[in-house]
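**Student:** Please find one structure pasted underneath; my questions will follow.
The values are calculated or read from the model by the stated rules, or taken from the named source; none is laboratory data. This is a predicted model, so every value here is computed, not measured. Positions of Cβ are generated from backbone atoms using ideal geometry, with glycine treated the same way; all protein chains shown enter the neighbour counts. Remember, those area values only see protein heavy atoms, side chains included, never the ligands or the DNA or RNA. Shrake-Rupley method; radii C 1.70, N 1.55, O 1.52, S 1.80 Å.
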Amino acid sequence: MSIYELKPRFQALLRPMVARLHAMGVTANQVTLAACAVSVAIGLWLFFAAPSPAAFTLVPAWMFVRMAFNAIDGMLAREHGQQSKLGAFLNELTDVVSDAALYLPFALVQPFSPFWVGTVIMLAGLSEFAGALGPTVGASRRYDGPLGKSDRAFVFGALGLYVALGWPLPGSAAWLMPLLAALVAWTVANRVRRALAEAA
């Protein structure tokens, strides 16, 4: 069970807002680029400015808003005739860039290893690549878990809230990033395997 499977209910809540945004002339690509720009700004500020732990509240807050942005851009594209080839590229590429930026500040959090945070970032990008390759073999775009984009947003949002509250992480938490890396690697394998099974 992936959080992604709850998306239809979330979209139903957002549909009235999407209709208003469309009436205002807002486009799917504008929403996509705005979400990416804010994600990169937050991630790089947290990493380079190294503010107080309380600033990590931005991570869970923005993760939630970003999920809404991602749902809105898709609904504008599908339900209001805004699908485009450029939009397809932006949808995939900006997600990978946004995730990398938002995960990056956790390399500064003890006892996490920068190496393992970097590994999670790399595998997260690879998982989206694996999902996007489904149509090239005659399958659908794959969103299989156990740690897809929405699930990772929940995990890193919860971590951001924990850090923001000033609670110390025990030394054993160092194993969390290797565990997340293993789960994302499993996600990659699931997406490849199920795409091949679907295409067959």
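**Student:** Considering the chain as a Gaussian network with a 10 Å cut-off on Cα pairs, which listed residue, L46, L180, L165, attains the greatest mean-square fluctuation?
**Tutor:** L165
**Student:** Using 10 Å bins from zero, what percent of all Cα-Cα pairs in region 114-162 falls into each bin?
**Tutor:** P(r) over region 114-162, rounded to whole percents: 24, 45, 23, 7, 0.
**Student:** If you take the alpha carbon radius of gyration of region 27-141 and divide it by 2.2 N^0.38 Å, what ratio comes out, to two decimals?
**Tutor:** 1.16
**Student:** What is the distance in Å between the Cα centroid of region 110-167 and that of region 63-101?
**Tutor:** After rounding, the separation between the Cα centres reads 16 Å.
**Student:** Hey, another quick one. Along each of its three principal axes, how wide is the spread of alpha-carbon positions in region 22-64, in whole angstrom units, largest first?
**Tutor:** Sorted largest first, the three principal extents are 41, 17, 12 Å.
**Student:** Return the sequence-ordered ³J(HN,Hα) values of region 49-61 in whole Hz as given by the Karplus equation 6.51 cos²θ - 1.76 cosθ + 1.60 applied to θ = phi - 60°, using x for Gly and Pro.
**Tutor:** With coefficients 6.51, -1.76 and 1.60, one gets 7, 6, x, 5, x, 4, 5, 5, 4, 4, 5, x, 4 Hz.
**Student:** Treating only the Cβ atoms of Lys and Arg (+1) and Asp and Glu (-1) as charged, compute the dipole magnitude of region 1-141 about its Cα centre; round to the nearest 20 debye.
**Tutor:** Numbers: 8 positive and 7 negative charges, 68 e Å.
Dipole about the Cα centre, nearest 20: 320 debye.
**Student:** If you don't mind, there's one more thing I want to ask. Using the Karplus equation 6.51 cos²θ - 1.76 cosθ + 1.60 (θ = phi - 60°), what ³J(HN,Hα) coupling, rounded to whole Hz, does each residue of region 15-28 give in order, writing x for Gly and Pro?
**Tutor:** So the Karplus estimates, Gly and Pro as x, are 4, x, 5, 4, 4, 5, 5, 4, 5, 7, x, 6, 9, 4 Hz.
**Student:** When the accessible area of region 20-111 is computed with all protein chains present and a 1.4 Å probe, what percentage of it is carbon and sulfur?
**Tutor:** Details: 3270 of 4500 Å².
Its accessible area is 73 percent carbon and sulfur atoms.
**Student:** If R₀ is 25 angstrom, what is the calculated FRET efficiency for the pair A41 and A158, using the beta carbon separation as r and rounding to 0.05?
**Tutor:** After rounding to 0.05, the efficiency reads 0.70.
**Student:** Let me ask another. Diagonalise the Cα gyration tensor of region 85-200 and give the resulting equivalent ellipsoid semi-axes, square root of 5 times each eigenvalue, largest first, whole Å.
**Tutor:** On the way: eigenvalues 168, 46, 22 Å².
Equivalent ellipsoid semi-axes, largest first: 29, 15, 10 Å.
**Student:** Projected onto the charge dipole of region 1-131 (+1 at Lys/Arg Cβ, -1 at Asp/Glu Cβ, origin at the Cα centre), which of M63, F48, Q83 gives the Cα projection farthest towards the positive end?
**Tutor:** Going by the charge dipole, the pick is Q83.
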